[in-house]
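Before any comments, here is the structure.
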Amino acid sequence: MKIWHKGELECQPKPPKYRKSGGLNIVSYPKQALSLKDGSIRVPLGKQVKVWFGINYFHRVVNHCLESGIGTVVFGWNRGQKKNLNLGSKTNQQFVQIPTGRLKERIEQLCEQYGIQFVETEESYTSQASFADNDFLPTYGEKPESWKSSGKRIKRGIYRTAKGWLVNADCNGAANILRKVATKLNLKLSGVGKVTLTAPKRLPIWELQRRG
């Protein structure tokens, strides 16, 4: 807390949530459950941890990438993005509880394990800017005073472009995240048009088969 008050920590530390009775659980692993890889000890994850992070689903997503020839995963993330979040008290509470940093680390670990390139980028203004209209994408804290998006989100899940297209808001944001790294990764996004943004392909990851 002293370090946080000095401004040397990004997030305020909080006491752990102890069990109401009996204190913390002690977790022990038998020697045969541990493995050594690249000089690091790998500890098996318990069922509760898998539930928290949806690890089984992550594996299925990675498997889909491998089976579909997808070699790069781009993860949009702004460090400290939850600090000044204002989505309403109930939504704020639910969203802030998601450990985004740990989520990112787990996806990165799986990508490295399976030989998939993992690219992290900041995602400032990607949900506000219009991909179809090629809006300029400022980085966090560097938005010009005159900047204004040409389109806008008109309701949950729907974004209206300056051309009058009604597209999927998440696809618009994801496409803008790709624009952030397009030059770096030599990506050609000319094929991302109205159809792609309007009717995205949905993948029921809970039905995908796990690799043997």
Within region 114-167, the count of residues that are in contact with a strand residue (DSSP E or B) (Cβ under 8 Å, 6 or more places away or on another chain) and of a type in the set (Gly, Ala, Ser) comes to 5
Could you tell me which of the residues Lys184, Lys155, Lys194 is over 29 Å from Gly71 (Cβ atoms) and of a type outside the set (Ser, Thr, Tyr)? Lys155
Filtering region 28-43 down to residues that are at negative phi, surrounded by fewer than 10 Cβ atoms within 10 Å (Cβ to Cβ) and not in a strand (DSSP E or B) yields Ser28, Pro30, Lys31, Gln32
Based on this model, can you work out whether Arg160 counts as without any contact (Cβ under 8 Å) to a residue 12 or more places away in the chain and surrounded by 13 or more Cβ atoms within 10 Å (Cβ to Cβ)? yes
When you scan region 119-168, how many residues do you find that are within 21 Å of the chain's Cα centre (by Cα), aliphatic (A, V, I, L, M) and farther than 17 Å from Pro200 by Cβ? 3
Against the condition without any contact (Cβ under 8 Å) to a residue 24 or more places away in the chain and either part of a helix (DSSP H, G or I) or farther than 18 Å from Glu123 by Cα (or both), how does Gly173 come out, does it pass? no
Among the residues of region 147-158, which ones are in a strand (DSSP E or B) and either closer than 14 Å to Gly193 by Cα or of a type in the set (Lys, Arg) (or both)? Lys152, Arg153, Lys155
Scanning region 117-136 for residues that are part of a loop (DSSP other than H, G, I, E, B), touching an Asp or Glu at 6+ places or on another chain (Cβ under 9 Å) and not polar (S, T, N, Q) gives Tyr125, Ala129
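For (1) farther than 16 Å from Gly76 by Cβ; (2) modelled with pLDDT of 85 or more, each residue gets a yes or a no:
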| residue | (1), (2) |
| --- | --- |
| Ala169 | no, yes |
| Ile177 | no, yes |
| Ala182 | no, yes |
| Thr196 | yes, yes |
| Lys201 | yes, no |
| Ile205 | yes, no |
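The values are calculated or read from the model by the stated rules, or taken from the named source; none is laboratory data. All values reported here derive from a predicted model rather than from experimental measurement. Backbone-built Cβ (ideal geometry, glycine too); neighbour counts: all protein chains shown.
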